[in-house]
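**Student:** Let me give you the structure first, and then I'll get to my questions.
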Amino acid sequence: MDALDGNAIGGLLQEIFGAEMTTAVATCATCGTAGVVAETVVYLRAPGTVMRCRTCGAVLMVVVRREDVNCVDAEGLAALEPS
Amino acid sequence: MSPISRGFHGRRRESPAETGRVPPGQYVTTDFPVLSAGPTPHTELTGWTFTIRQAGDTIKSWTWEDMRALPAEEVTADIHCVTKWSKLDTRWQAVSIDTLLAQVEHDAPYALAFSDGGYTTNLPVADITGGQAWLAFGYDGAPLQPEHGGPARLLVPHLYFWKSAKWVRGLELLAADEPGFWERYGYHNYGDPWREQRYAGD
Amino acid sequence: MAGTAVRGRLTWQVATVGSVSDETASVRTLELDVPGWAGHQAGQHLDVRLTADDGYVAERSYSIASAPDEPVMITVERLADGEVSPYLTEEVRPGDDFEIRGPIGGYFVWPWQDPDSPLLLLAGGSGVVPFRSILRHRAKIGSTVPARLLYSARSLPDVIYHAELATPRDDVEVIYTLTRQQPAGWTGHSGRVTDALLGEVAWPPGQHPIAYVCGPTAFVESVAAGLVGLGYPPDRVKTERYGGVGGP
C-alpha cells in the first residue's frame, strides 16, 4: 500500500484538534523543515497512523486508537501551527 | 454502538473449524494485509547482513550466503495482527533464531530487533529461543517479498505480529528491556494475543 | 459559501443512500442524504465508516463529487482487493445507511487565495472526482479563469464523467491521455503523463497559475515533480494522493 498524505487524516486530525489541520504548518523536530500537514507522508495501514516528514523521513506524529481514545505522540514535531 | 451497514462483511470469512485457533477479538482473513509505518526498504542481498550486538559491539554477523548456508526449516504457523486480523497456516522458510544464537556467547535476558528503515521491537530472549522464533526468508514457497518484510523478517508467531519485525537486520542483546517502535507509542510491551495484550496496561 | 464548512468539531452522522449510478464498469456514484449537512467547498472529501453486524469496522475517505450547492455525492472506484469499495459499488442500495464524517479538508479546495489564477487540474484515474466538484463550482459562480484538465485514464471506457466532460463549459479544456488502451483512430495522447506532455498543457508559470494533482501516489509524485521542474513554485502545486495500485 503506497503512502498517502496529510489529506487522508484530515478527519482524524479534526477529531483530535477540533479544527481543520491539513493547512496547519508542521515543523520537523529532526531536520527543521516546515510544511503544511496536507503534504506530509502518511501511513494509514499500520497498528497506528504514522505521519512522517517528506524531507527527511523522520516520524512527526503517531496516533494510536485505543478503544475510543486517540493517543497522540507528537514528539517528532518541533511545532504545529494552524494557519 | 454504530449503526450496522446492511450487508457489509469486510474481507473476512470464519469457519467453525477455526474455533479455538483464533485468539479473542480476531477475525480470520485469507488475504495477507500489508501494514507499514514507513516506506518499504529495498535491500540488496549483496549488502545484507544479520548482526547480533551486545553492549555496543557486534559479536556475530552473517552475510546472506552465511545465513542461507545454515540449516533451514519449513514453518507453518497461525499469525495474529494487533489490528485484529489472523491468518492461519501460513508457510515460511526460515532459520531458527536458536541456530543463530547458538553461535554466540551471551546471557542477555532481552533483545531489541532492529530493521532497515529504523523499525524496532523488543522481546524477551526467552520468547525467541526454544523453537519459538525464526529468521524467515521465504513465504509460501517463494522468496519473501519486500512488502511482507523481505529479504528477511523475524517470525515470532506466539506474539502479535508487530513483534515479527519486517526487514530485520539484527538483534541487540540487552541487560534491561527497552521498548521498540510500537511499544513506545502505546502498544503492549509483551503482546500475547491469547491474553489480548494489545495496548500498554492490558 | 457555507462558512461552517471547515470549522469546529466533526462528528459521525448517518447518511442514507438516495440513488446510485454507474459511471463505468467499476465506478459508481452514490448520492447521499445527510441530515443537517452544512455544505462543503469544492475539493473537500468525507470519511465513510461501515460497521458489520459483528462489530467489525472499516473506514475510508472519498472525495465529494458534487458542487457546493448540490446534494452530497461521492464517486467510488471498486478496487480488486478492496474491502469497502466492493461493498459501496456492488452491494449498497438506495435506502441503505452508513456513517459519514465531513466535509473535510481546507488545503485541496478551490478557489484558493487568488481566484483569478489560471487553473490546472491533473487527474490520474479516480483522482478526477474532486475536479468534477471544482469545475461544476467554477461554472456555477460564473468564473472565467482559464481552466484545463489533464486526465490520465487506462482506456476510454475507464474515463469517469465522460459525457459531462465532453460538453465542457466554454473555456474549460479537457485533455486525455489513455495509458493502456486507445480506441481505433485515437488522435489524443497515449501513455503516461510525461514532462513533455506537461510542458504542452501546463499554464506558463509566469501567469501565476495554480495546479491541483490528484490520483494514485505514484502519479501525483511524478506529475507534481514535473510541474515544479517546469517552474511552478511548490506551494502552487496542490497534491492529494489516493495511494494504492489502482489507476492508470
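Values quoted throughout were computed directly from the atomic coordinates according to the rules given, and no laboratory measurement underlies them. Please read these numbers as outputs of a predicted model, since none were measured by experiment. With ideal geometry, Cβ positions are generated from the backbone for all residues, glycine too; neighbour counts draw on all protein chains shown.
**Student:** Any idea what log10 I(q)/I(0) is at q = 0.21 Å⁻¹ for the range C:119-241, Debye with uniform C-alpha scatterers and no solvent?
**Tutor:** The Debye formula, applied to the Cα set alone, gives -1.27.
**Student:** Over its Cα atoms, what ratio of radius of gyration to 2.2 N^0.38 Å does the range A:14-55 give?
**Tutor:** Its radius of gyration relative to the 2.2 N^0.38 Å reference: 1.19.
**Student:** While we're on this one: Give me Rg/Rg_expected for the range B:160-200, where Rg uses Cα atoms only and Rg_expected = 2.2 N^0.38 Å with N residues. Before the final figure, lay out each step's value.
**Tutor:** On the way: Rg = 10.9 Å, N = 41, 2.2 N^0.38 = 9.0 Å.
The range B:160-200 yields a ratio of 1.21.
**Student:** Could you tell me the calculated FRET efficiency between residue A:25 and residue B:129, based on Cβ-Cβ distance and R0 = 51 angstrom, to the nearest 0.05?
**Tutor:** Here the calculated transfer efficiency is 0.60.
**Student:** With a ≥ b ≥ c taken as the square roots of the eigenvalues of the C-alpha gyration tensor of the range B:11-94, please select rounded if a/c is under 1.5 and otherwise prolate if a/b is larger than b/c or oblate if it is not?
**Tutor:** Prolate, since a/c reaches 1.5 and a/b exceeds b/c.
**Student:** Given the Cα-Cα distance of residue B:107 and residue B:84 and 0.36 nm per residue of separation, how much length would full extension add, in nm? Don't jump to the answer; show the numbers that get you there.
**Tutor:** Values: separation 23, 0.36 × 23 = 8.28 nm, distance 3.46 nm.
Working it through step by step, the gained length comes to 4.8 nm.
**Student:** Run the simple label-point estimate for residue B:145 and residue C:80 please: 7 Å along Cα→C-beta, distance reported in nm.
**Tutor:** Label-label distance for residue B:145 and residue C:80, simple model: 1.0 nm.
**Student:** Additional query: Given axes a ≥ b ≥ c from the Cα gyration tensor, I'd like to know whether the range C:68-187 is rounded (a/c under 1.5), prolate (a/b larger than b/c) or oblate.
**Tutor:** In terms of gyration-tensor shape, oblate.
**Student:** Sticking with the crude label model, points 7 Å out along Cα→Cβ, report the distance from residue C:187 to residue A:71 in nm, one decimal please.
**Tutor:** 6.3 nm
**Student:** Just the number, please: percent antiparallel of the DSSP beta bridges in the protein assembly as shown, rounded to the nearest 5.
**Tutor:** Bridges in the protein assembly as shown that DSSP calls antiparallel: roughly 75 percent.
**Student:** Here's a follow-up. Going by how many other beta carbons lie within 10 Å of each one, how would you line up C:74, C:141, fewest first?
**Tutor:** C:141, C:74
**Student:** Further, regarding this structure: Hey, for a label at residue C:57 modelled as a point 7 Å past Cα toward Cβ, could you say which residues of the range B:158-202 have their backbone N under 18 Å away?
**Tutor:** B:187, B:198-200
**Student:** Now a separate question. Quick one: compute the contact order of the range C:119-241, relative version, from alpha carbon pairs under 8 angstrom and 6+ residues apart, as a percent.
**Tutor:** Relative contact order here is 29 percent.
**Student:** Using all alpha carbons of the range C:45-92, what is the percent of pairwise distances in each 5 Å bin, ordered from the shortest bin to the longest?
**Tutor:** For the range C:45-92, the pair-distance distribution reads 5, 18, 26, 26, 14, 8, 3, 0.
**Student:** Please report, to one decimal in angstroms, the Kirkwood hydrodynamic radius of chain B built from all distinct Cα-Cα pairs.
**Tutor:** Over chain B, the inverse of the mean reciprocal pair distance is 17.6 Å.
**Student:** Based on DSSP H runs of at least 4 residues, each adding -39500 (n - 2.57), what is the mean residue ellipticity at 222 nm of the protein assembly as shown after dividing by all its residues, to the nearest 500 deg cm²/dmol?
**Tutor:** Working: 8 runs with 59 residues, N = 533.
So the helix-based figure for the protein assembly as shown works out to -3000 deg cm²/dmol.
**Student:** While we're looking at this one, here's another question. Between rounded, prolate and oblate, where does the protein assembly as shown land on the alpha carbon gyration tensor, with a ≥ b ≥ c its root eigenvalues, rounded for a/c under 1.5, else prolate if a/b exceeds b/c? List each step's numbers first, then the result.
**Tutor:** Working: a/c = 1.90, a/b = 1.69, b/c = 1.13.
Prolate, since a/c reaches 1.5 and a/b exceeds b/c.
**Student:** A further question on this structure: Among DSSP bridges having both ends in chain C, what percentage is antiparallel? Round to the nearest 5.
**Tutor:** 55 percent
**Student:** From Cα pairs below 8 angstrom and at least 6 apart in sequence, can you work out the relative contact order of chain C, rounded to a whole percent?
**Tutor:** That works out to 18 percent.
**Student:** Regarding chain C, what are the three Cα extents along the principal axes, ordered largest first, in Å?
**Tutor:** For chain C, the Cα spread along each principal axis is 53, 43, 30 Å.
**Student:** Using the Kirkwood radius over C-alpha pairs as Rh, can you work out the diffusion coefficient of the range A:4-81 via Stokes-Einstein at 4 °C, viscosity 1.567 mPa s, in µm² per second?
**Tutor:** Estimated via Stokes-Einstein, D reaches 107 µm²/s.
**Student:** If I build a Gaussian network model for chain C, linking alpha-carbon pairs within less than 10 angstrom, which residue out of C:60, C:138, C:154 has the largest mean-square fluctuation?
**Tutor:** Largest GNM mean-square fluctuation: C:60.
**Student:** Still on this model: Near residue C:186, within a Cβ-to-Cβ distance under 15 Å, what is the net charge of the other residues, with Lys and Arg +1 and Asp and Glu -1?
**Tutor:** Net of charged neighbours comes to +1.
**Student:** Report the percentage of all Cα-Cα pairs in the range C:3-104 whose separation exceeds 20 Å, rounded to a whole percent.
**Tutor:** Looking at the range C:3-104, the distances longer than 20 Å represent 33 percent of pairs.
**Student:** Among B:185, B:139, B:119, whose mean-square fluctuation peaks in a Gaussian network model of chain B (Cα, cutoff 10 Å)?
**Tutor:** B:185
**Student:** Take A:75, B:105, C:99 and order them by how many other Cβ atoms sit within 10 Å, fewest up front.
**Tutor:** Final ranking by Cβ density, sparse to dense: B:105, A:75, C:99.
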